[in-house]
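Take a look at the structure below.
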């Protein structure tokens, strides 16, 4: 018990402080469990074959298939048509559509898909993006509890219940597993609360500010990127003459010169390329594609004895707005580039992508960008070919949030994607098949019908989520098998002095809520479900109700931007501050908490 509780404490501390990556922490924990013999060696890695992990993997693949088939584009068109471009309707419609998708698409993936949709709607209607992104992200979290399809804690719940059933005291009733739509009545109430909350209070809670940062299409470079990042001007060509001091210098050295414009492209001889690497050398006749204010470009050209052409002649194809331009990308919490310096990513050499600026909270960095260490939530301003941008995004280390021309879409496969998704839902609902088998049936159907290729399916899986979930499941099993959960429950009961059921439930819910603010909701669920079930058994409560209370409360993470990956992803693009999350999230947290407690007690009375 001491060893298990020590592992729980270690996991919590590491997930909060982030000294070690979350997936590495989870893998370390499962290895320690095996080495110390807390579980038999044959069971240590069974989390990777658990129903929760396989179901999450299949759902990620189907979500990518729906996106590739154009379901999200159809959703954007539907939102625009239904709202008529009016702000009073726009918020309700986009939050309703988002809530609908959040029942079937994992929250982080849905946030990545909906940010560009919101950007497009904001650009078309003029509605400030600050009034769209945060409500959208909060509605994702309130509606993700509608089914057991897209919510990791709910998918994980049945595996934790199976473990608890093996360790129940003699005479105790076996806890019934949850079906696909067991939580739908409560989930619909929570989703309705989220939509209604922002329909009534969005303008008061998120007033438009002078510094509202509208995410727009690439064509509005001058207005948006100039105001937000100080990136001004239009592309121009500089031809290096024989008298120029730039001859024999590298691109990196030129960029360090006083007054140098941004170097976006380069042509040496017959070879042209976007985002030349810093070590690329400049020779007589080299043509540089630069971006800067006209006065700045002319002054630099005069000082360095270069010929300037305001019209793109030799590099016109590279700067065709249908093929290339400026975009923004956010560093998601699951990214492997966190804590790495931008220069070490070699984006220019690997993808032909130049980083022009970095936004972090209220700060914008434009100098010495190569030395900046990235953090979750940072927004990067990039210049590239759209195809190169798509290749970079395939790594899932950066999420593009600007509405740019997409990678190959397959609108002709829309009905196949929807058909196989509905097939998976039908199998899960109307047959005795387990959830992972039903979901994987839909995923393999999309693959066989060409909605996705196998390589695209591999890229669609967030392997960090898979590893964290699979490796933390044995920790929950160990809490049960060693008696640590029962001991903690007894301690809670000792200090509660026979408190009524509703107060015990409130304590469990608040404790889960607080843990989920500072650690992953999967980690909070794994830790709290065994304790909640033990408290229920000891007090005569319904163990299923207590377990469900934990799973639902772990998604009630609205108070800080780091509480959930979906919130971290909108914090940068929306320009939100910590007080915005508190002001908007505190009342919503209280509403969701009360509704969850009332709903569960009505459902299990």
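The values are calculated or read from the model by the stated rules, or taken from the named source; none is laboratory data. All values reported here derive from a predicted model rather than from experimental measurement. With ideal geometry, Cβ positions are generated from the backbone for all residues, glycine too; neighbour counts draw on all protein chains shown.
Yes/no per residue for (1) at pLDDT below 85; (2) under 24 Å from the mean Cα position of the chain (by Cα):
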position: 329; (1), (2): no, yes
position: 333; (1), (2): yes, yes
position: 340; (1), (2): no, yes
position: 348; (1), (2): no, no
position: 351; (1), (2): no, yes
position: 355; (1), (2): no, yes
position: 363; (1), (2): yes, yes
position: 370; (1), (2): no, no
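The conditions of being surrounded by 15 or more Cβ atoms within 10 Å (Cβ to Cβ), in contact with a helix residue (DSSP H, G or I) (Cβ under 6 Å, 6 or more places away or on another chain), closer than 30 Å to residue 542 by Cβ and at pLDDT 80 or above are not met by residue 192.
Among the residues examined, residue 432 qualifies as more than 24 Å from residue 122 (Cβ to Cβ) and out of contact with any helix residue (DSSP H, G or I) (no Cβ under 9 Å at 6 or more places or on another chain). Picking from residues in region 1-36 that are under 14 Å from residue 520 (Cβ atoms) and not in a helix (DSSP H, G or I), the one that is modelled with the lowest pLDDT is 18.
Residues of region 455-491 being farther than 22 Å from residue 107 by Cβ, touching a helix residue (DSSP H, G or I) at 6+ places or on another chain (Cβ under 6 Å) and assigned to a helix (DSSP H, G or I), which ones? The answer is 474, 475, 477, 478, 479, 480, 484, 485, 486, 488, 489.
Filtering region 416-444 to residues that are over 24 Å from the mean Cα position of the chain (by Cα) and under 29 Å from residue 388 (Cα atoms) leaves 416, 444.
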